[in-house]
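The values are calculated or read from the model by the stated rules, or taken from the named source; none is laboratory data. The structure displayed is predicted, hence computed values, not measured ones. A quick note on method: Cβ atoms are made from the backbone with ideal geometry, for glycine too, and the neighbour counts reach across all protein chains shown. For the accessible areas, the whole protein counts, side chains as well, though only heavy atoms, and no ligand, DNA or RNA atoms are used. Shrake-Rupley method; radii C 1.70, N 1.55, O 1.52, S 1.80 Å.
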Amino acid sequence: MYGSGILKGLGVTFRHLITTFIDDIQWLGRKRDVEVFQQKQSLANRGLVTVEYPDEKLAVPERFRFTPFLVTYNHDDPDYPGKDWCTSCGICAKVCPPQCIWIVRGTDPNTGRPKPEPEQFYIDIDICMNCGYCAEYCPFDAIKMDHNYELASYDRTSAHIYDKARLSREIRYWQSIAPTTAAEEQAARGGYDHTDVQKARKKAGLEPSRPGPYATKPAEPEPAPAAAAVAEPPAAAPPVEAAKPEPAPKAEAAAPSAADDETPPHPGWVKRGRRWIDPNAKVEPVRRKRQT
Amino acid sequence: MTDFMTDQALPKVTDLPSTIAALKERFPDAVRDDTRPGYEGVIVEAAKLPEFARVIRGEYGFNYLSSLTAVDYLGHGDHLEVVYHAFRVPSGGKPLVFKAQTDRQNPVIPSLVSIYPGADFQEREAYDLYGIHFAGHPNLKRILLWEGFEGHPMRKDYQEAYYEQETKPFDSRWPSGHVFRAEEYNPFGHNVRYPAGFTLDNYKPISEAEFQHGMSLGVDIMGDPAFRTDRLLVNLGPHHPSTHGVFRMMVALNGETVESLEPVMGYLHRNHEKIGERNTWYGNMPYTDRLDYICSMANNLAYAITVEQMMRGQVSVPYRAEVIRVLMAELTRIVNHLWSIGFLLNDLGAFFTPALYAIQTREYILDFFEATAGSRMMCNYMRIGGVFKDLPARIRSEAALVNDRVRDMDTMKYLEQLINDRLPRSIDELDELLSESEIIKSRCIGVGLLPAEMAIAYSASGPLLRASGVPYDIRRANPYSIYPELEFDVCTRPNGDIYDRYCLRLDEMRQSVRILKQILPRLKETAGQPIFGGKSSYSIKVPAGEAYGFAENPKGELGFYCVSMGGGNPWRYHVRAPSFINLTPLGEMCKGQKVADVVAILGSIDIVLGETDR
């Protein structure tokens, strides 16, 4: 019969429509439950799988890679607070396919010879292609790929070259976003500590590695992108080595130039604090994940 | 009808060495072996090239000119070389590689378009990027760059804007890497070269009329007594949803009927190959993701195969890595065909319902890619000698951000359910939704015909070739990885119209599921085995020589032709892009069709502009 093919196809569409409603009724009022969420995201699901971004987000898997960050010791570490893991060997800068990593190797002020610490470390995140080679080939586990993919900003010229202060995160952050991988790497290193630290401790006759703290939860929730421009270290214990923040990009990111103060990005916007806001926009409160 | 369609190709000699010996006997002073270390094939005198090509195609059955490209040997003989790879289709086997050399000052090579019409775009590309003049080419003009471009950027002495250094890694990055932004080098300053005597005042823009050369416009309105109308030129694109990107078709219409069509491309051109020559061997891997960004896993695989071939036994890929590679390649094929069918239906007017059904299934595969490789689309997963990492034990995430919803699934169970249940179900559902629909049948059957001989002559590959009834699949014709031990059929469809291309993609997805079902037990058997052969190193040196590595990508034959001078960077890195070469017969396929069908025909070829324009 002519038209039977179309009817058959419409049947499929209708089935999709019905299953979606069945799903909704079945999980009525329990949409945000963890078990329901797992069920809806599974392969067995036949209804809708959509997640209402940005009210809710799918957490990314451990191996997810976005832009790189630098690993440092925790700032409350008793022995090496905030010490960089990077030794400025330059392998990441050499392997980087788009060449977005810039490292100034540190020099010892007394001898003038290179020392294994970066003086400056920049990543142009506009150029970064998120390939993950820097993290893969770093021999010291000092550079890792971050999971934060919300990097939009109003000014790419001042805000998108990340300096060392902006790039540095504590090791506990890495342990929190990628616990399995962090544990594997720790086993490969032979302990919690950095390999060079382990060597030094061995030389000094100490136990090579201390038992490390294992953070199970993120140290603090990631702030909104605009506020994220402020460097990670809390003011309490700024480490000596990492304490030299590069002034230019960071300062400009925090405080836009005078011209930006005057002209709103869109006509009719008003200024609240440091940010331009659309006064007519409907602002919805951010719904938090229900704890189970 | 040109001669490529008439004569019968019956191979006299089948194996390659005796073919080459016979050819050397036939052309004693025009054909000689390429004796450079690491090179293969023969070098043909440029003057004898058309005759040579006619003989190998007519008498030895090399009826398919897969790849044509040029190499600049500046400082290594100071000549330009055009490299041809010809195959026998559908019987398969190793390619016959032949080369022709010419000097750099006044490079002229006879065109092979009259013998191999598939050389058309590739010769234009070589002219565009190397300045080689192909004598006898019917329409030799720039194809990827704009008409007013000065110079030929793939030549070794050409320096692009923002040029910093010949090869990566750049010395400015370490140990004193004081950051600067490349655009702070003014592109109109010292980094761009203008032709001698150029001033802005006497610059004349290229006229559109010159662009329309060969479009058979300008017909006398009163000349045709039957149908008194002028020909109308319609530009479909570059910004048009049907072109799947920035692509333009200049269509000369007679009423509603297409008289001629010329694809115009290059809007997304970034000279991938020049970037590739500046890159290290490893550095090219993430760049291949950006070619055909729907199938980055398969692109990775083709590039890895090429470099492994060039390493000549220095790296060996462990069995588990091969299993994982095939798993990824076949999942990619399903991703691509789902996407392609979905968007073909968009082009036909079924606005987004079939596309979204297809995309929903694709998402499950991308979730697996993300958990394994770290990215949904820009996978960068294959390595030279293996893969990046083994499959994770669980597809799980950690809540790092506010409002994160967390998933946690066992990888092998997930794969089993995906392959045994979800994918077949989705493919059947698409089949049920679309295959019998009278609208689709009336729009697709008999439209955009590409006969088998024409498909071969135009170097069409992949589903486009197989839907024309040619059973040529590189996984069988030139097997790589573990395909020889896997059971699957090479699907073909006889008619070569849009409907057959659609059906063929469904068939291929079912075959891919069949392959994946054989991969599952192999994955379990090899669990825990190494996934990388040899020592992992961030910079590898590749022995001097050349290689053409190719794989059956979802869109067709993706080939990489690489030349190494023994260093850490490729001397030549050429991509034989299926999306680009499959567009060669587009004009022929659209001739005589209605203008509304052009959109559907383009959709059925299945191109991605990232790969077309490179």
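Values computed for the structure shown
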read-out	value
Fraction of the pair-distance distribution of segment B:397-479 above 21 Å, Cα-Cα pairs, percent	64
Whole-percent carbon and sulfur share, accessible surface of the protein assembly as shown, 1.4 Å	56
Cα-based reach from residue A:115 at 14 Å (exclusive), listing aspartates and glutamates while leaving out same-chain residues under 8 positions away	A:84, A:196, A:241
Rounded accessible area of residue A:102 (nearest 10 Å², 1.4 Å probe)	10
Potential lengthening between residue B:312 and residue B:149 on full extension [0.36 nm per residue; Cα-Cα distance subtracted]	54.7 nm
In nm, spacing of pseudo-spin labels at residue B:48 and residue A:127 (7 Å Cα→C-beta vector)	5.0
With eigenvalues of the C-alpha gyration tensor scaled by 5 and rooted, segment B:3-135, Å	23, 17, 13
Spin-label model distance (nm) - residue A:32 vs residue A:18, 7 Å beyond Cα toward Cβ	3.2
For segment B:464-519, alpha-carbon Rg relative to the globular expectation (2.2 N^0.38 Å, N residues)	1.14
Sorted peptide list for A:36-42, B:241-247, criterion being average Cβ within 10 angstrom, highest first	B:241-247, A:36-42
Förster radius 45 Å - calculated FRET efficiency between residue A:110 and residue B:157 (Cβ-Cβ, nearest 0.05)	0.40
Extension reserve of the residue A:8-residue A:200 stretch, reckoned as 0.36 nm per residue once the Cα distance is removed	61.8 nm
Per principal axis, descending, Cα span of the protein assembly as shown in whole Å	88, 72, 65
Inter-centroid distance (Cα atoms) of segment B:119-161 relative to segment A:1-21, Å	51
For residue B:256, net neighbour charge (Lys/Arg +1, Asp/Glu -1) across residues whose Cβ lies under 12 Å away	-1
Restraint check, A:94/A:144; A:144/A:202; A:40/B:389, Cα-Cα greater than 20 Å	A:144/A:202; A:40/B:389
Local net charge near residue A:3, Cβ-Cβ under 12 Å (Lys/Arg +1, Asp/Glu -1)	0
Solvent exposure of the protein assembly as shown as accessible area per residue, Å², 1.4 Å probe	42
Inverse of mean 1/r across different Cα pairs in chain B, Kirkwood, Å	25.7
Peptide ranges B:320-327, A:11-18, B:601-608 listed from the most packed, as the mean C-beta count within 10 angstrom indicates	B:601-608, B:320-327, A:11-18
Residue B:395 long-range amide H proximity, modeled H, under 5 Å	B:409, B:410, B:411
With all protein chains modelled, accessible area of residue B:251 [1.4 Å, Å²]	0
Area of residue A:194 that stays accessible when all protein chains are in place (1.4 Å probe, Å², to 10)	10
Segment B:321-426: Cα Rg divided by the 2.2 N^0.38 Å rule of thumb	1.17
Whichever lysines have a C-alpha closer than 25 Å to that of residue B:99, once near sequence neighbours (fewer than 8 apart) are set aside	B:12, B:24, B:48, B:141, B:156, B:274
Other protein chain Cβ atoms within 10 Å, averaged over every residue that makes up B:112-125	0
Averaged over A:98-106, number of beta-carbon atoms from partner chains that fall within 10 Å	6
Estimated translational D of segment A:61-121 in µm²/s (Stokes, Kirkwood radius over Cα pairs; 10 °C; 1.306 mPa s)	118
Cα-Cα pairs of segment B:272-613 separated by more than 34 Å (percent)	25
Chains A and B, summed buried accessible surface - 1.4 Å probe, Å², nearest 100	6900
Modelled FRET efficiency - R0 30 Å, residue B:487 with residue B:264, Cβ distances, 0.05 increments	0.10
Amide H contacts under 5 Å for residue A:83, placed H, 5+ residues apart	A:73
Chain B: relative contact order in percent, alpha carbon pairs under 8 Å with at least 6 residues between	16
Residue A:39-residue B:194 pseudo-label distance in nm [points 7 Å out on the Cα-to-Cβ vector]	7.1
Added length on full extension, which subtracts the Cα-Cα distance from 0.36 nm per residue, residue A:50 to residue A:207	51.4 nm
